[in-house]
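The values are calculated or read from the model by the stated rules, or taken from the named source; none is laboratory data. Treat the numbers as computed from the prediction; the structure is a model and nothing was measured. Please note: Cβ atoms are built from the backbone with ideal geometry, for glycine as well, and neighbour counts cover all protein chains shown. Ligands, DNA and RNA are excluded from the accessible area calculation, which covers all protein heavy atoms including side chains. Shrake-Rupley method; radii C 1.70, N 1.55, O 1.52, S 1.80 Å.
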Number of protein chains: 2
Amino acid sequence: MPRHDPDARNGRRVSVTDVAAAANVSVGTVSNVLNRPEKVLPATKARILQVIDELGFVRNDAARQLRAGRNRAIAMVVLDVANPFFTDVAHSVETELAEQRRPLILANSAQDPSREASHLDLFGEQRVDGMLITPVGRVLTRLRQLRDRGVAVVLVDRKTGSREFSSVSVDDRMGGRLAAEHLLDVGRRRLVFIGGPGSLAQVRDRWTAAREAVESHADATIRFVETEAMDARAGRQAADTLLQLPADERPDAVFAANDLVALGVLQALTLAKVSVPDEVALIGYDDIDFAASAAIPLSSIRQPREELGRRAAQILLEVIDEPDTRVRHVVLEPELVVRRSTSG
Amino acid sequence: MPRHDPDARNGRRVSVTDVAAAANVSVGTVSNVLNRPEKVLPATKARILQVIDELGFVRNDAARQLRAGRNRAIAMVVLDVANPFFTDVAHSVETELAEQRRPLILANSAQDPSREASHLDLFGEQRVDGMLITPVGRVLTRLRQLRDRGVAVVLVDRKTGSREFSSVSVDDRMGGRLAAEHLLDVGRRRLVFIGGPGSLAQVRDRWTAAREAVESHADATIRFVETEAMDARAGRQAADTLLQLPADERPDAVFAANDLVALGVLQALTLAKVSVPDEVALIGYDDIDFAASAAIPLSSIRQPREELGRRAAQILLEVIDEPDTRVRHVVLEPELVVRRSTSG
DNA sequence: GCACGCGATTGAAACCTTTCAATCGCAATC
DNA sequence: GATTGCGATTGAAAGGTTTCAATCGCGTGC
């Protein structure tokens with residue numbers, strides 16, 4: 001009863017050969033109908049299309065790819081699919097690729113170098129045409145191997161190995177500076193930066209620039225609270241740690257390395273009845289949509305994520321077309337967005 | 001200068017044949033090293049592995065799939081990748097599949113039947129082993145075709161064509177009832193349901209159950225405000241429409257078909273200085289993480305999304321192993337979560 | 001010394017599509 | 001009536017892997 005059409009299921013799969021036989025043409029003609037319909041006589045085409053329909057023929061993509069030597073798909077490896085920042089960027093990439101009818105395969109490294117490596121290996125075997133990656137681990141060697149085998153690679157939101165691979169990124173140092181200077185501007189002097197792991201370039205750059213900004217104010221300090229991940233849970237935990245400090249050691253401002261962490265911090269502070277921004281000012285990073293509608297609307301550093309995805313896709317397509325184009329680095333600028341969490 | 005290793009790039013791609021020749025074995029043995037390493041003598045294996053490394057051989061997945069007739073991958077088509085509910089479900093699916101080393105290909109139908117159809121066609125050509133889908137359009141015919149060609153199909157969060165396909169879903173009617181009854185319980189009588197498009201089964205079920213709950217109260221009313229999508233923007237727009245009503249026609253409670261819509265409604269109401277929950281009570285659906293940290297923490301109907309993904313993946317794997325297992329329907333129960341937006 | 005058994009290895013066949021040089025059929029031209 | 005030109009069609013080859021029946025080589029038991 002669950003069975004719907006046993007014949008179709010048990011019968012061997014239908015191939016171009018079967019279609020050709022049934023339509024009394026050669027396989028070449030069937031292939032032409034599929035790929036260069038204008039090359040075949042309308043009458044023949046109609047007949048073949050009808051047979052295709054009757055037999056339920058579906059082109060086998062594996063065979064097609066084998067013959068072509070490549071896969072039209074583009075793979076994208078992001079740090080965290082649960083972070084709206086990355087899904088927004090991916091969405092923008094997808095939109096740009098849709099024009100060329102190229103599917104986007106999304107993979108989540110979850111900031112884990114071993115997961116990242118296994119995704120890269122898989123995409124290598126799949127011979128994707130191009131790849132967008134926000135690297136976590138030491139992947140330069142693997143990326144070179146891919147490139148040498150003809151896979152176009154563009155780095156997103158990162159410039160590692162920049163002499164060899166084009167990239168599109170947002171200036172994290174500028175973002176870090178903007179955030180820190182804003183906190184200083186609103187009179188805060190005991191800053192904390194929360195983010196991690198410290199091995200992530202994004203985290204390092206934002207932290208370093210923030211530290212430099214703070215160091216130019218003699219009376220201000222900033223310290224680094226490292227987290228293992230960058231989600232709300234990590235933010236809550238980090239904030240709980242800070243709450244255990246004696247009152248006179250508590251920070252009066254928190255700069256979270258992304259908005260998810262900031263939202264976590266906000267939850268923990270609210271729960272502990274610490275007023276934001278009166279007692280602690282709070283700024284995040286990314287300006288995801290939820291930042292604006294948080295319990296206390298969150299100040300943040302806006303990254304132009306739509307443009308980031310679009311430009312990345314464009315450059316990737318260029319590299320696919322012309323692998324020897326000059327390596328390019330597009331650096332976009334972030335922007336400070338002030339909301340209630342830093343300006344009560 | 002962008003060129004890294006011209007030899008490797010220009011040279012023909014390395015195949016098992018090349019490896020076999022260089023290692024003085026047959027292709028069969030190379031294949032065994034790759035797929036059944038225990039079958040080959042340690043010394044031979046070591047030699048072949050070394051050659052593989054030296055030559056930079058990477059198995060061609062297209063050829064492998066062609067031979068195998070299928071692709072180990074599982075495809076998942078969701079309504080909206082920008083909705084954390086679906087990324088959470090997808091994440092849970094991915095985790096479950098990881099044990100079998102099956103990659104998950106995520107595709108976004110964006111509630112658009114034509115996008116959904118083209119994804120299905122693509123996955124058909126790719127001969128994925130299995131597919132999880134939350135259907136939008138009239139896809140039953142396509143799904144049957146896929147099933148008849150050996151693709152395991154499990155419906156997620158929907159029961160269309162339930163005699164033929166197994167499914168895992170959450171009881172939307174129960175959810176709709178819980179939401180409406182809660183609003184009635186806290187004394188509201190002029191309800192509005194916001195969601196859409198009305199063709200979505202989720203929307204219909206939640207609405208219908210809510211209407212039924214309201215109808216059993218003689219003095220209460222509920223009306224349907226249909227949106228084109230289910231994101232925050234749609235929520236803001238719908239709320240703006242309501243705000244233009246004369247004060248005595250305004251609702252005193254809003255039931256949004258998902259949390260994104262609810263957050264949009266909340267933004268618009270806040271902007272218009274309408275107090276939530278005093279003037280308008282607001283409840284969402286899904287209980288995404290952000291619901292708890294919204295400006296006014298959002299009451300919602302929690303769906304067990306982790307379990308939803310896990311069970312869906314498990315059933316799919318069962319169907320792949322044993323295509324003729326009985327069709328099963330797992331229905332999970334949603335749960336009311338009361339927060340400030342309905343209980344000031 | 002021989003047959004047997006068994007693990008290791010072989011290599012041709014199969015998977016299905018696309019490509020492209022060759023061929024066909026037909027009409028226009030000389 | 002023969003030739004040319006041209007669009008439509010043909011069909012064999014190529015692409016790289018896996019499978020599996022057949023073979024090899026070697027030690028064991030008689």
Report summary line: Among residues of the range A:60-85 being open to solvent by less than 50 Å² (accessible area, probe 1.4 Å) and within 13 Å of DNA strand C (Cβ to nearest atom), the residue nearest to residue A:320 (Cα to Cα) is A:71
Report task. Considering each residue of the range A:283-306, count those that are open to solvent by 60 Å² or more (accessible area, probe 1.4 Å) and away from every other protein chain (no Cβ under 14 Å), and give that number. Result -> 1
Report task. Test each condition in (1) at pLDDT 95 or above; (2) open to solvent by 30 Å² or more (accessible area, probe 1.4 Å) for residue A:160 and report the one that comes out false. Result -> (1)
Query raised in the report: Residue check, residue A:32 against (1) more than 8 Å from DNA strand C (Cβ to nearest atom); (2) more than 30 Å from residue A:116 (Cβ to Cβ); (3) modelled with pLDDT of 95 or more, all met but one. Which one?
Result: (1)
Query - Hits in the range A:308-327 - residues which are in contact with a Leu (Cβ under 6 Å, 6 or more places away or on another chain) and open to solvent by 60 Å² or more (accessible area, probe 1.4 Å) - result: none
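The rows are residues; the columns are (1) within 27 Å of the chain's Cα centre (by Cα); (2) under 30 Å from residue B:104 (Cα atoms); (3) of a type in the set (Ser, Thr, Tyr); (4) in the same structural domain as residue B:85 (by TED's automatic domain parsing).
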site	(1), (2), (3), (4)
B:249	no, no, no, no
B:276	no, no, no, no
B:283	yes, no, no, no
B:312	yes, yes, no, yes
B:322	yes, yes, no, yes
B:327	yes, yes, no, yes
Report summary line: Those residues of the range B:207-237 that are small (Gly, Ala, Ser) and either open to solvent by 70 Å² or more (accessible area, probe 1.4 Å) or more than 25 Å from the chain's Cα centre (by Cα) (or both) come to a total of 4
Requested in this report: Scan the range B:31-43 and report the pairs whose first residue is within 23 Å of residue B:65 (Cα to Cα) and whose second residue is among the charged types (D, E, K, R) and within 11 Å of DNA strand D (Cβ to nearest atom), with Cβ atoms within less than 8 Å and a gap of 6+ or a chain change.
Outcome: B:32/B:39; B:34/B:59
**Report entry** Subset of the range A:278-310 [at pLDDT below 95 and not aliphatic (A, V, I, L, M)]
**Finding:** A:289, A:290, A:293, A:297
Query raised in the report: Just for the range A:40-72: of the residues that are basic (Lys, Arg) and either within 14 Å of chain B (Cβ to nearest Cβ) or within 28 Å of residue A:317 (Cα to Cα) (or both), which one is farthest from DNA strand D (Cβ to nearest atom)?
Result: A:72
Query raised in the report: Can you name the number of the only condition in (1) hydrophobic (A, V, I, L, M, F, W, C); (2) surrounded by fewer than 22 Cβ atoms within 10 Å (Cβ to Cβ); (3) not assigned by TED's automatic domain parsing to the domain that holds residue A:115 that residue A:140 fails?
Result: (3)
Query raised in the report: Which residues, counting only those in the range B:86-107, are facing chain A (nearest Cβ under 8 Å), touching a residue at least 12 places away in the same chain (Cβ under 8 Å) and open to solvent by less than 20 Å² (accessible area, probe 1.4 Å)?
Result: B:90, B:107
Query raised in the report: Taking residue A:242, is it in the same structural domain as residue A:196 (by TED's automatic domain parsing) and within 21 Å of residue B:289 (Cβ to Cβ)?
Result: no
Query raised in the report: When residues of the range A:25-39 are filtered for being of a type in the set (S, T, N, Q), near DNA strand D (Cβ under 8 Å from one of its atoms) and either closer than 25 Å to residue B:145 by Cα or crowded, with 17+ Cβ neighbours inside 10 Å (or both), how many remain?
Result: 3
